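J.: Mind having a look at this structure? Questions to follow.
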Amino acid sequence: EPEVTQTPSHQVTQMGQEVILRCVPISNHLYFYWYRQILGQKVEFLVSFYNNEISEKSEIFDDQFSVERPDGSNFTLKIRSTKLEDSAMYFCASSGGGAYSGNTIYFGEGSWLTVV
Amino acid sequence: DQQVKQNSPSLSVQEGRISILNCDYTNSMFDYFLWYKKYPAEGPTFLISISSIKDKNEDGRFTVFLNKSAKHLSLHIVPSQPGDSAVYFCAASANNYGQNFVFGPGTRLSVLP
């Protein structure tokens with residue numbers, strides 16, 4: 001069964017460092033997302049990406065964050081100058097159609113980021 | 001602003017009995033709802049969905065009921081199994097609302113043997 005894959009599964013980084021989280025969405029999907037879950041809190045939307053551009057972002061997704069689809073298969077989340085409060089599980093997801101089309105969104109296993 | 005609410009943070013059920021997980025929403029524009037199961041340190045796994053044109057959708061042991069007038073949906077698991085123990089999230093999306101799915105805070109289900 002096709003799946004969304006993420007790397008790394010766990011990364012520890014020092015405060016102020018840059019981090020890149022990588023994702024390979026399901027191959028025929030067109031919409032890509034990043035969500036995060038801070039320990040003990042709810043799953044929060046960060047950003048959605050379609051047709052090589054950001055289609056929507058939340059207020060969490062400030063200038064510290066960026067996304068990129070550098071080639072036909074990878075989808076990356078870059079966090080510049082990490083802060084302690086960026087420690088969370090980051091989930092990549094993809095869907096065949098947009099959220100409004102009744103499509104299902106499929107999640108990767110997550111990348112656990114610890115900022116120390 | 002919690003647009004999707006799951007007011008029970010946890011639920012315990014005996015194996016073989018029915019588990020009922022509830023979800024309420026406030027945004028009347030939502031027209032598509034999904035349930036996900038999440039084990040610790042894993043990504044959410046899609047379980048079942050329902051469109052607002054329906055009031056029930058069934059898949060094996062899982063049934064989702066939607067009451068649009070009450071802005072309420074529920075997930076029924078019958079019979080419950082110990083492997084069902086996980087956190088369950090409901091999520092909602094809407095035509096022309098945006099490109100994101102809005103998640104509830106989750107309910108931790110424990111199925112006791």
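J.: How large is the Kirkwood hydrodynamic radius of segment A:41-81, in angstrom, based on all distinct alpha carbon pairs?
T.: Values: mean 1/r = 0.0899 Å⁻¹.
That comes to 11.1 Å for segment A:41-81.
J.: Would you calculate the separation in nanometres between label points at B:ASN27 and B:LEU11, each defined as 7 Å from the Cα along the Cα-to-beta-carbon direction?
T.: 2.3 nm
J.: From largest accessible area down, sort A:TRP34, A:TRP112; use a 1.4 Å probe on the protein chains. Before the final figure, lay out the partial values.
T.: Details: A:TRP34 0, A:TRP112 70 Å².
I get A:TRP112, A:TRP34, largest accessible area first.
J.: For B:GLU58 and A:SER27, what is the calculated FRET efficiency with R₀ set at 35 Å and r taken between the beta-carbons, to the nearest 0.05? Please report the intermediate quantities before stating the final value.
T.: Details: r = 30 Å, r/R0 = 0.86.
Efficiency, from the Cβ-Cβ distance: 0.70.
J.: Still on this model: Leaving out ligands and nucleic acids, and using a 1.4 Å probe, what accessible area per residue does segment A:29-76 come to in Å²?
T.: With all protein chains present, segment A:29-76 gives 51 Å² per residue.
J.: Another question, if that's okay. Using just the alpha carbons, could you tell me how many Å³ per residue the convex hull of chain B encloses?
T.: Dividing the Cα hull volume of chain B by its residues yields 99 Å³.
J.: For Cα pairs less than 8 Å apart in space and 6+ apart in sequence, what is the mean separation divided by the residue count of segment A:1-86, i.e. the relative contact order in percent?
T.: Values: 138 pairs, mean separation 27.4, N = 86.
Answer for segment A:1-86 is 32 percent.
J.: So if R0 is 30 Å, what FRET efficiency would B:GLN2 and A:ASP62 give, r being the distance between their Cβ atoms, rounded to the nearest 0.05? Present the calculation step by step, with values, prior to reporting the outcome.
T.: Numbers: r = 22 Å, r/R0 = 0.72.
Efficiency, from the Cβ-Cβ distance: 0.85.
J.: Hey, how much of the P(r) for chain A falls beyond 24 Å, as a percent of Cα pairs?
T.: Numbers: 1227 of 6670 pairs.
Pairs farther apart than 24 Å: 18 percent.
J.: OK, next. Of all accessible surface on the protein assembly as shown at a 1.4 Å probe, what whole percent is carbon and sulfur? Don't jump to the answer; show the numbers that get you there.
T.: Working: 5000 of 10850 Å².
On the protein assembly as shown, the fraction of accessible area on carbon and sulfur atoms equals 46 percent.
J.: Any idea what the alpha-carbon Rg over 2.2 N^0.38 Å comes to for segment A:51-116? Please report the intermediate quantities before stating the final value.
T.: Numbers: Rg = 13.3 Å, N = 66, 2.2 N^0.38 = 10.8 Å.
Ratio of Cα Rg to 2.2 N^0.38 Å: 1.23.
J.: Treating the protein assembly as shown as a set of equal point scatterers at the Cα positions, no solvent, please give the Debye-formula log₁₀ I(q)/I(0) at q = 0.09, 0.11 Å⁻¹.
T.: Debye intensities relative to I(0), on a log10 scale: -0.36, -0.54.
J.: At 1.4 Å probe size, put A:HIS29, B:HIS72, A:HIS10 in order of accessible surface, largest to smallest.
T.: A:HIS10, B:HIS72, A:HIS29
J.: Now, a different point. Size of the dipole of chain A about the Cα centre, Lys and Arg at +1 and Asp and Glu at -1 on the beta carbon, nothing else charged, in debye to 20? It would help to have the intermediate numbers written out before the result.
T.: Values: 8 positive and 14 negative charges, 21 e Å.
Dipole about the Cα centre, nearest 20: 100 debye.
The values are calculated or read from the model by the stated rules, or taken from the named source; none is laboratory data. Since the model is a prediction, treat every value here as computed from it, not as a measurement. Note that each Cβ is placed from the backbone with ideal geometry, even for glycine, and that neighbours are counted across all protein chains shown. Remember, those area values only see protein heavy atoms, side chains included, never the ligands or the DNA or RNA. Shrake-Rupley method; radii C 1.70, N 1.55, O 1.52, S 1.80 Å.
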